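See structure below.
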Amino acid sequence: MSAPDSPGAPAERPKRFSVDNYAYPQAPRLGVRGWLRWGWRQVTSMRLALVLLLLLGVAAIPGSLLPQWPQDAAKTQSFVDNNPTWGPILDRVGLLDVFGSAWFTSIYVLLFLSLVGCIVPRAVAHGKAARVPVAAAPRSLARYDGRLEGSSPLTPAEATNALVSWGRGSGLARLVGYRSRVDERTSRDGTRQVAVALEQGSLREWGNLLFHSALVALLFAMAFGSAYTYRGQAVLVEGQTFTNAAVAYDSFEAGRLFDPAWLDPFRLRLVHFDSEFTASGLPVSFQANVTFTEPGGQPEADTIRVNHPLEVDGGKIYLQGNGYAPSFTVRDADGNIAFSGAVPFLPQDGVYTSTGVIKVPDVTRGDQLGFRATLYPSAVPTVDGSIVSVNPQANNPVILLTAYTGDLGLDAGIPQNVYQLDESQLSPVRGDDNLPLVVDLRPGDTITLPDGLGTVTWDSLPRFVALDLRADPSLPWILGTSLASLLGIGISLFAPRRRLWLILTPGDRERTLVEAAALAPPHDEAATRALASALAIAAGEPAPRPRARQEDL
């Protein structure tokens with residue numbers, strides 16, 4: 001075989017595609033700039049955007065199946081402890097904090113760049129298309145279906161002015177009006193003509209431009225909102241005051257760029273909570289009566305109801321839940337007050353049968369105390385000797401209390417759920433029958449624990465509310481850009497796109513011959529009526545009624 005550069009060597013066939021561009025020595029090199037351009041084209045391709053969107057959805061699945069550190073640190077720690085092999089591995093790769101992991105953020109940022117790279121050039125192209133001048137009318141209209149002919153007493157100049165004015169419209173009609181172009185030319189037989197071209201379709205291009213621009217703005221608004229939003233939840237008992245600070249919330253989440261020092265330190269006090277139920281126990285209304293105090297201001301009375309939040313500090317405070325928070329006083333073996341205060345109980349059913357725990361770590365001597373309790377707001381005995389509640393209102397409140405001693409586990413440094421009692425290092429307090437002690441309490445009752453452990457007093461039964469403060473500065477922008485994108489896509493889908501041509505030729509007896517034709521999609525039935533209207537305007541007549549058919553003209 002002869003060498004490639006010999007005279008008899010076969011001609012080298014170029015390949016259709018070569019990634020490295022070094023298939024042939026004589027091929028030009030891409031260079032750094034060329035590789036960057038190639039990479040940008042790959043990133044901004046719609047195919048990659050769809051793949052990244054699918055990948056983002058798949059990557060979010062572990063966030064809903066596995067416990068996450070930001071949402072429930074105690075549950076996540078328990079998951080790691082119960083799975084000593086897989087737990088640390090999943091934590092190391094970020095599957096226990098999916099939405100804060102580097103790989104999930106990389107997918108999101110790459111998808112954002114891909115969408116922006118797809119949308120911006122398309123929006124620029126639509127903007128250029130919307131400014132393209134109207135094309136001139138064809139030389140001959142004989143080949144167009146539905147061509148109309150007529151005559152007009154107006155001169156070509158008068159007919160032209162009437163057509164341009166009619167096509168442009170007035171007021172809001174200008175938005176859907178026709179752009180026009182007028183050309184004076186000579187026909188093939190030497191006759192002077194005036195060709196009027198009317199084009200309706202620029203609104204459609206502007207709708208496309210509005211849609212794509214609004215979509216880019218929506219992406220930026222969502223990114224801005226995720227960086228500067230914050231949300232906090234707090235439980236407030238009747239008579240207590242809440243100060244707006246990050247440390248005062250039971251749970252607080254904020255964007256990466258939000259500084260908790262920006263919070264407005266207002267105060268909110270729950271004066272009273274009103275609830276109304278039907279005789280059968282169905283809820284009718286919930287209302288939290290509060291006083292709101294701005295820094296340096298006077299308290300102002302206000303209310304928070306379901307779906308009627310209180311607007312404060314650029315956000316809204318929603319009423320998320322409510323229940324009972326019995327107030328207890330626990331004295332230790334030496335008679336000292338080891339615990340005093342209200343404890344929120346979580347409702348378990350529609351009649352507000354509620355459960356809660358009391359943790360007493362600060363005793364003078366001996367083991368720590370813990371209590372598990374169940375509240376029955378309207379308690380009635382059953383035939384088997386148990387107790388049930390028949391109404392959410394506190395008509396006959398009773399608490400069944402179980403006591404424990406031992407180590408509550410609060411000194412281990414592991415976060416605990418305040419509504420759960422870790423019994424792994426606790427032992428139940430037993431009664432005279434050597435069975436776990438279960439006592440019933442009513443408001444004002446005091447019980448003495450066995451073995452000189454102390455006393456428990458049920459002082460009162462206030463209500464509590466669960467409040468949720470949400471603040472997102474991007475919400476108005478998200479709403480505006482979403483509406484703008486819907487408006488843009490609606491215009492681009494439904495705005496008509498048609499062309500009307502009218503050729504005006506001076507005729508005999510001081511009349512002008514008019515020849516008209518239209519070019520529109522087959523489904524545009526209104527194009528025929530628009531053409532008939534244009535012909536009537538050129539003839540100096542009123543435009544036909546909107547529903548007129550061509551055969552009626």
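At a threshold of 8 angstrom on Cα-Cα distance, excluding pairs fewer than six apart, so keeping six or more, what relative contact order does the chain reach in percent? Could the numbers behind the result be given before it?
Working: 1039 pairs, mean separation 93.7, N = 553.
Here the relative contact order equals 17 percent.
Quick one: pull the percent of accessible area on the range 345-433 belonging to carbon and sulfur, 1.4 Å probe, ligands and nucleic acids left out.
48 percent
Ordering LEU461, LEU163 by accessible area with a probe of 1.4 Å, largest first, what comes out? List each step's numbers first, then the result.
On the way: LEU461 40, LEU163 0 Å².
Most to least solvent-accessible, the answer reads LEU461, LEU163.
Quick check: with the 1.4 Å probe, what order do LEU400, LEU172, LEU375 take by accessible area, largest first?
On the way: LEU400 50, LEU172 145, LEU375 0 Å².
From most accessible down to least: LEU172, LEU400, LEU375.
For the chain, what does the accessible surface come to per residue with a 1.4 Å probe? Please give it in Å². Let's see the in-between values first.
Working: 31790 Å² over 553 residues.
Result: 57 Å² per residue.
Which whole-angstrom value gives the distance between the alpha carbon centres of the range 201-220 and the range 25-66?
Between the Cα centres of the range 201-220 and the range 25-66 lies a distance of 24 Å.
Using a 1.4 Å probe and ignoring any ligands, DNA or RNA, find the accessible area of LEU435 and quote it in Å² to the nearest 10.
Number for this one is 100 Å².
Please give the FRET efficiency for ARG33 paired with PHE494, using the beta carbon to beta carbon distance and R0 = 56 Å, rounded to the nearest 0.05.
Working: r = 43 Å, r/R0 = 0.78.
Result of the calculation: an efficiency of 0.80.
Within the chain, what's the longest run with no GluC sites (Glu not before Pro) in a DSSP loop and at most 15 other beta-carbon atoms within 10 Å? Give the range, please.
Working: sites that count: GLU12, GLU423, GLU510, GLU525.
So the longest stretch without any such site is 13-422.
When all protein chains stay in place, what accessible area (Å², nearest 10, 1.4 Å probe) is found for LEU263?
10 Å²
Note the listed values [x] 0.96; [y] 1.21; [z] 1.01, then indicate which one is Rg/Rh (Cα atoms, Kirkwood Rh) calculated from this particular structure.
From the options [x] 0.96; [y] 1.21; [z] 1.01, the structure gives [y].
How much solvent-accessible surface does LYS316 expose, in Å² to the nearest 10, with a 1.4 Å probe and all protein chains in place?
Here the accessible area works out near 80 Å².
Under a Cβ-only charge scheme (Lys and Arg +1, Asp and Glu -1), can you give me the dipole magnitude of the chain about the Cα centre, in debye to the nearest 20? Working shown, then result.
Values: 47 positive and 53 negative charges, 906 e Å.
Roughly 4360 debye, rounded to the nearest 20.
The values are calculated or read from the model by the stated rules, or taken from the named source; none is laboratory data. If you're wondering where the values come from, they're calculated on a predicted model, not measured in any experiment. FYI the Cβ positions are ideal-geometry reconstructions off the backbone, even for glycines, and counts take in every protein chain you see. Calculation scope for accessible area: heavy atoms of the full protein, side chains included, ligands and nucleic acids excluded. Shrake-Rupley method; radii C 1.70, N 1.55, O 1.52, S 1.80 Å.
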